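Contents: one structure, followed by commentary.
The values are calculated or read from the model by the stated rules, or taken from the named source; none is laboratory data. Predicted model, so just to flag it, every value in this text is computed and none were measured. Neighbour counts run over all protein chains shown; Cβ positions are idealised from the backbone, glycine included.
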Amino acid sequence: MAARLAALTCRRPWRTVLVAVLLAAVAAAGSYDLGQRLSLGGYIADSGEAAHADRWLAGHFAAGEPQLVFLARAEGGVDAPAAVAEGRRVAAQIAAAPDVTAVHAYWNSPAPALRSRDGRAALLTVRLRGDDTSSTYASQRVVAAFAGRHGPLDLTPTGSGPARTEIVTQTRADVSRAEFLGGPLTLAILVAALGSLVAGLLPVAVGGFAVAGTLLVLRLYAALSPVSILTMNLTTSLGFGLAVDYCLLIVSRYREECLPGRPRQEAVAAAVRTAGRTVLFSALTVASCAAALLLAPLYFLSSMAVAVIAVTVLAALAAVGLLPALLLLAGGQLDRFDPFAPLRRRFAARFGSPWHRLAHTVMRRPAVWLAAVCALLGALALPALGAHMTLSDERVLPPHSPVQTAARQIDAAFDAPALHPVRVAFPRARPHDAAVAGYLAHASQLPGVARVAGPTGLVEHGRVVDPAPGAEHTGPAGTFAEVVPTGAYDSGQVQALVRALRADAPGPQVLVGGTAASLTDTEQAVTGRLPWVLGIVAACMALFLFLFTGSLVVPLKALAMSALGLAATLGFLVLVFQQGHLRGLFGEATVDGRLEISTPVLAAVIVFVLTVDYEVFLLSRVQEEYRACGDIRAAVAHGLRGTGGLLTSAALVLAVLMAMMAASQVQVTKLFGVGVAFALVLDAVVVRALLVPAVMKLAGRANWWAPKALSRLHARLGVRA
């Protein structure tokens, strides 16, 4: 397939390039409004019990977590007559706004949690219409109209709506910075890796085509399902990263095939028959593994899967279709303009092939190297045992962010747990139902409960201490209660409280919601699907590596090494972002002992599929040499000599692109960038360079072993490297 596609495009290379430019232009025109179609949420499971409870509460009581919170400060105190009058006036004006469904302010609500302990600040909480995206845009309009000075009150916005607004603004700034700084640096690495400026521009053309096509795919997909705004960052980084991988492999093989006197078309055809086939097979493996993310219960993850599949397939097709035509057009100019030539000659004269020497060094004492590397990776993985997950909220913003600053001030000055109660909905229940009253009395005595406000009034430790609040919790559709915890919503104690409330519910119609319950549902949804996602990824990886090599040992080895590398990466993320070690290396970040729940899953799958890419590239050269000489030591050394530099350069380019994301001010983007960059460098420098040679040397001929039945199957269906 690769050879036929290359032959077709190479017949008239100028026409091929023109068609590619035209297709990219059409794709860019078709996706021009993609930015307006992207969604701002997708981090919380929307099909669990908490989501049903929150929708019921919003529809019947306009209750639930507010998307917008105003912190109102008054120098003379919020109980001063002028502050009271202005607070009531502003609350009434906000309530009259068309996007607002409910406003609870200290001056018109009996809730004592809306007043700070020192009496110098109060809160106005605002419920808005629509989903995450529409409520965010609604919060922008309300903030623009009401934030700032109002007589004796100074209103500062915070909450999920302003947080998402700042995330969008910061994400756009991050993309601009990445293009400005990452572009020249990436090009310099490509020129150094490919040996000339002309060759270094080839991956830019291939990556540009893949990214443009993927943005069109995302625009079409956005008409059917929500697409996360962060897919644009991933598409750009991964598109150019994969283009570098594929172009490095094909251009390197093309240069090897350019023997004196051999026509360039024959060299291109030979490169595509070997390296191009490896590229297509690797892309098929990567896309199949990434498809497992479509099972993820969060559209943040499933839309990322669509982006990965599309950009991988398009990058591979461009590498075997467009790149050969560009190589023919470049002709003798391919090796022109190499600013690093003197350094390259000096390095080669002094060090020769460091990868070849490193492979031989490792294979002289493979058991020692294997034990040392496994000990290192195991030590890095240990912190992962203490991983503590949470939802994405204001804490993903930098500490100096006004939105997070206001949130921290609220946590310090107010009864913070009371602002995030566990809400229990009783659809169709009567106001004085004995079962409901008994359940709420029992709930007030559970560990970690401060009080319960519901249809029976305010209940503490099993006794009604104030019957007054009960009326506002009842209505024609049923009733609800608010269980106020003593700790933060993502603490272990409050998570246990959610499980206890659900276990003790007096019937299936009782729904437990709120932020704490959303975290519980999201964690259960992710961890419940995670074995299936990882199982499909592992099965695809094992199947395709078996079809590629005919070995049962090689896929199992690759799975074990990838799993060890991923565990080490997760441990590193816990060490930096949860425990706060080495935080100075990665810029300003909020460290509060927790990791956002969905981003490590995405990073793990992306890293897993990229390491498959590198595994296929290395194995193709090792197996090719092994068939020629039958010596595993020589085959591994030759394979590393031929691909070690390429893999390192490819990993370095992707690491640079991810480092641009790691420089983001948004914590989830920073977390993803640091995780992927660290994992890629770890894989290229430690796993491929040290662990693979040691394991393959110890396995010897057993590397290519498979049961006879599987060997016969491979003979019929397999692909020869």
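Assess whether ARG115 counts as being out of contact with any helix residue (DSSP H, G or I) (no Cβ under 6 Å at 6 or more places or on another chain), crowded, with 18+ Cβ neighbours inside 10 Å and of a type in the set (Lys, Arg). For ARG115, the condition - out of contact with any helix residue (DSSP H, G or I) (no Cβ under 6 Å at 6 or more places or on another chain), crowded, with 18+ Cβ neighbours inside 10 Å and of a type in the set (Lys, Arg) - is met. Applying a threshold of 9 Å to beta carbon distances and a minimum spacing of six or more residues, or different chains, the list of pairs starting in segment 222-247 at a residue that is under 15 Å from MET658 (Cα atoms) and ending at one that is outside any helix (DSSP H, G or I) and of a type outside the set (Gly, Ala, Ser) reads LEU230/LEU38; LEU230/VAL666; THR231/LEU38; MET232/LEU38. The single condition among (1) surrounded by fewer than 24 Cβ atoms within 10 Å (Cβ to Cβ); (2) within 33 Å of the chain's Cα centre (by Cα); (3) within 30 Å of ARG4 (Cα to Cα) that LEU294 does not satisfy is (3). Number of residues in segment 540-558 that are surrounded by fewer than 19 Cβ atoms within 10 Å (Cβ to Cβ) and either among the hydroxyl-bearing types (Ser, Thr, Tyr) or closer than 25 Å to ILE309 by Cβ (or both) equals 3.
Restricting the search to segment 481-500, which residues are crowded, with 24+ Cβ neighbours inside 10 Å, hydrophobic (A, V, I, L, M, F, W, C) and within 20 Å of ILE44 (Cβ to Cβ)? Result: VAL483, VAL494, LEU497, VAL498.
Taken over segment 46-56, residues that are in contact (Cβ under 8 Å) with a residue 40 or more places away in the chain, surrounded by fewer than 24 Cβ atoms within 10 Å (Cβ to Cβ) and not acidic (Asp, Glu) amount to 5. Could you list all residues from segment 149-181 that are touching an Asp or Glu at 6+ places or on another chain (Cβ under 6 Å) and either modelled with pLDDT under 75 or assigned to a helix (DSSP H, G or I) (or both)? Once the filter is applied, which keeps residues that are touching an Asp or Glu at 6+ places or on another chain (Cβ under 6 Å) and either modelled with pLDDT under 75 or assigned to a helix (DSSP H, G or I) (or both), segment 149-181 yields only ALA163. So for segment 33-45 (the condition being over 24 Å from ARG120 (Cα atoms), of a type in the set (Asp, Glu) and crowded, with 20+ Cβ neighbours inside 10 Å), does at least one residue qualify? The answer is no; no qualifying residue exists.
Exactly one residue among VAL368, VAL424 is surrounded by 17 or more Cβ atoms within 10 Å (Cβ to Cβ) and over 29 Å from the mean Cα position of the chain (by Cα), and that residue is VAL424. Return yes when ALA539 is in a helix (DSSP H, G or I), of a type in the set (A, V, I, L, M), touching a residue at least 40 places away in the same chain (Cβ under 8 Å) and under 26 Å from LEU713 (Cα atoms) and no when it is not. Answer is no for this residue. Scanning segment 498-509 for residues that are within 18 Å of ALA437 (Cβ to Cβ) and at pLDDT below 90 gives ASP504, ALA505, PRO506, GLY507, GLN509. Scanning segment 131-162 for residues that are without any contact (Cβ under 8 Å) to a residue 24 or more places away in the chain and under 34 Å from the mean Cα position of the chain (by Cα), which turns out surrounded by the fewest Cβ atoms within 10 Å (Cβ to Cβ)? The selected residue is ALA144. Here the condition is being closer than 20 Å to GLY454 by Cβ and surrounded by fewer than 21 Cβ atoms within 10 Å (Cβ to Cβ); of GLY535, GLY507, it holds for GLY507 alone. Scanning segment 187-218 for residues that are over 13 Å from ASP245 (Cα atoms), in a helix (DSSP H, G or I) and not aliphatic (A, V, I, L, M) yields a total of 4. Checked against (1) under 12 Å from VAL424 (Cα atoms); (2) among the aromatic types (Phe, Trp, Tyr); (3) part of a helix (DSSP H, G or I), TRP532 passes all but condition (1).
Here VAL459 meets each of (1) crowded, with 20+ Cβ neighbours inside 10 Å; (2) in contact (Cβ under 8 Å) with a residue 24 or more places away in the chain with one exception, condition (2). Residues in segment 297-334 that are surrounded by fewer than 24 Cβ atoms within 10 Å (Cβ to Cβ), closer than 16 Å to GLY213 by Cβ and small (Gly, Ala, Ser): GLY321 alone. Screening LEU575 with (1) surrounded by fewer than 21 Cβ atoms within 10 Å (Cβ to Cβ); (2) under 14 Å from the mean Cα position of the chain (by Cα) gives one miss only, at (2). In this structure, ALA113 qualifies as over 14 Å from ALA62 (Cβ atoms), more than 34 Å from the chain's Cα centre (by Cα) and in contact (Cβ under 8 Å) with a residue 40 or more places away in the chain. From the list ALA412, ALA434, ALA477, ALA443, the one residue that fits, being in contact (Cβ under 8 Å) with a residue 24 or more places away in the chain and surrounded by fewer than 21 Cβ atoms within 10 Å (Cβ to Cβ), is ALA477.
Can you find, within segment 67-81, the residue that is nearest to the chain's Cα centre (by Cα) among those that are within 30 Å of SER392 (Cα to Cα) and either surrounded by 22 or more Cβ atoms within 10 Å (Cβ to Cβ) or of a type in the set (Gly, Ala, Ser) (or both)? Ranking the qualifying residues of segment 67-81, first place goes to GLN67.
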